[in-house]
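The structure under discussion appears below in the form of C-alpha cells.
The values are calculated or read from the model by the stated rules, or taken from the named source; none is laboratory data. A quick note: this is a predicted structure, and the numbers were derived from the prediction, not measured. Glycine also receives a Cβ, built like all others from the backbone with ideal geometry; neighbour counts cover every protein chain displayed. SASA here: full protein model, heavy atoms, side chains in, ligands and nucleic acids out. Shrake-Rupley method; radii C 1.70, N 1.55, O 1.52, S 1.80 Å.
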Amino acid sequence: FGYSKVAQEIAKYLDNRGIDFVLVSESKSGIERAKEDNYKVYEIDFHTDEDLKKFGIGSEVTTIFCLSNDFNRNLFFTLSARNLDKNLYIVSLVSNKEEKDKMILAGADKTIDPYAIGANQFFTLM
C-alpha cells in the first residue's frame, strides 16, 4: 500500500527475486511513479472493506506492507486490514518511536523506520 521511496526499494527487491506482489496506492503521484518504474499498480479506496477484499485482504493475502509517506493512511490501512484478518502479517512505515508504538497497537507486526536504519548505518560506518 503506497509507493514511497521505501516502497520503491521493496518492490525492486521483491521483483528481482521473482516474488509475486500487488501494488496498490491511493495517490495519483504514487500510481504514476509505479507505472514509470514499469509496475502494474491499482488505485485503491482504502476506506472501504470491500475494496480491501477485492485485493485479497481477508482471504489469500498473507503479508502487507503499509508504505505510504502519510502515517495516518498507513494507520487506517493497518487497522482495517487487521480487522479483516487477525493472522495477516503487517509491516508498516513509521518515522519515529511514537508512530511505532501507535502502529504496533493498531496491529502491525513489524515497523520500518528509515531514519533509525540510516542512523544505525551511519554509526556503523563511523
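Numbers for the structure displayed
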item	result
Residue in the stretch 21-39 that is farthest from Ser59 (Cα to Cα), counting only those that are in contact with a helix residue (DSSP H, G or I) (Cβ under 8 Å, 6 or more places away or on another chain) and free of Cβ contacts under 8 Å to residues at least 24 places away in the same chain	Leu23
Of all residues making up the stretch 40-52, the number that are touching a helix residue (DSSP H, G or I) at 6+ places or on another chain (Cβ under 7 Å) and not hydrophobic (A, V, I, L, M, F, W, C)	3
Ala106 in contact with a Lys or Arg (Cβ under 9 Å, 6 or more places away or on another chain), more than 16 Å from Ala7 (Cα to Cα) and either modelled with pLDDT of 90 or more or open to solvent by 30 Å² or more (accessible area, probe 1.4 Å) (or both)	yes
Qualifying strands (runs of 3 or more DSSP E) (wholly inside the stretch 1-95; at least 2 residues being open to solvent by 50 Å² or more (accessible area, probe 1.4 Å) and in contact with a strand residue (DSSP E or B) (Cβ under 9 Å, 6 or more places away or on another chain))	41-43, 63-66
Any chance Ser59 is within 16 Å of Val24 (Cα to Cα) and of a type in the set (S, T, N, Q)	no
